[in-house]
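No lab work stands behind these numbers, since they all come straight from the coordinates. It should be emphasised that the depicted structure is a prediction, and the values quoted were computed from it without experimental measurement. Reconstructed Cβ throughout: ideal geometry from the backbone, glycine too, with neighbour counts over all protein chains shown.
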Amino acid sequence: MALKNVYFAQKCVVYNKETKKILILKRSDYKSESANLWDFVGGSYDFGEDSIDGLKREGVEELGINLNEIHTINYYANPSNKPEFTFIFGLSFCDNYEFEKGKPVLSSEHLGYEWIGIDEINEYEFVFSIEKCKDKIKPFIDRFY
């Protein structure tokens with residue numbers, strides 16, 4: 001069976017080891033279905049692009065961040081509210097990063113950012129794909145920290 005309308009995306013949980021906080025981004029209204037929801041850095045791949053290279057590119061484009069080491073938390077099939085698509089979503093983790101200008105510089109895709117404790121994650125409404133898998137983040141962090 002051939003898949004049609006396949007969409008690949010990957011997001012990254014940026015973790016500050018010193019403060020033990022994760023970086024979340026508030027979406028702008030450039031896509032109406034996700035306006036004012038919270039998200040992580042990342043996005044879709046360009047055709048033929050390696051997943052890690054794509055995530056690193058998205059980090060620079062969206063936030064001015066260089067993601068130096070990326071680790072996979074999990075991959076999910078169809079964590080989407082669009083059943084007409086086959087949606088493959090990767091959730092990753094990075095605790096080794098640097099901001100090109102010393103702090104996050106937002107693209108037009110985002111209105112703001114916050115550093116939050118992992119125990120605060122349920123206080124925020126995230127985009128659909130993150131809502132479906134955010135329960136995997138704390139156990140992943142707890143294994144290493």
Net charge over other residues, Cβ less than 13 angstrom from the Cβ of SER51 (K, R count +1; D, E count -1): -2
Over 14 Å [Cα-Cα, segment 13-94], rounded percent: 69
For the chain, built as a Gaussian network whose Cα springs stay under 10 Å, the top-fluctuating residue of GLU131, GLU123, GLU61: GLU123
The chain: relative contact order as a whole-number percent, Cα under 8 Å and 6+ apart: 31
Antiparallel DSSP beta bridges within the chain, as percent of all bridges there, nearest 5: 70
Lys, Arg +1 and Asp, Glu -1 on Cβ, resulting dipole of segment 6-144 about Cα centre, debye, nearest 20: 240
Cut-off 13 Å between beta-carbons: net charge of the residues surrounding PHE8, Lys and Arg +1, Asp and Glu -1: -4
Å³ per residue enclosed by the Cα convex hull of the chain: 115
Whole-Å distance, taken between Cα centres, linking segment 1-60 and segment 102-136: 10
Of CYS12, PHE140, PRO104, farthest towards positive along the dipole that unit charges on Lys, Arg, Asp, Glu beta carbons give the chain: PHE140
Principal axes of segment 24-64: Cα extent on each, largest first, Å: 30, 20, 12
Most fluctuating residue given options GLU49, GLU18, GLU100, as computed from a GNM of the chain linking Cα atoms under 10 Å: GLU18
Trypsin sites (Lys or Arg not before Pro) restricted to segment 55-145 and DSSP loop, no more than 12 other C-beta within 10 Å: LYS101
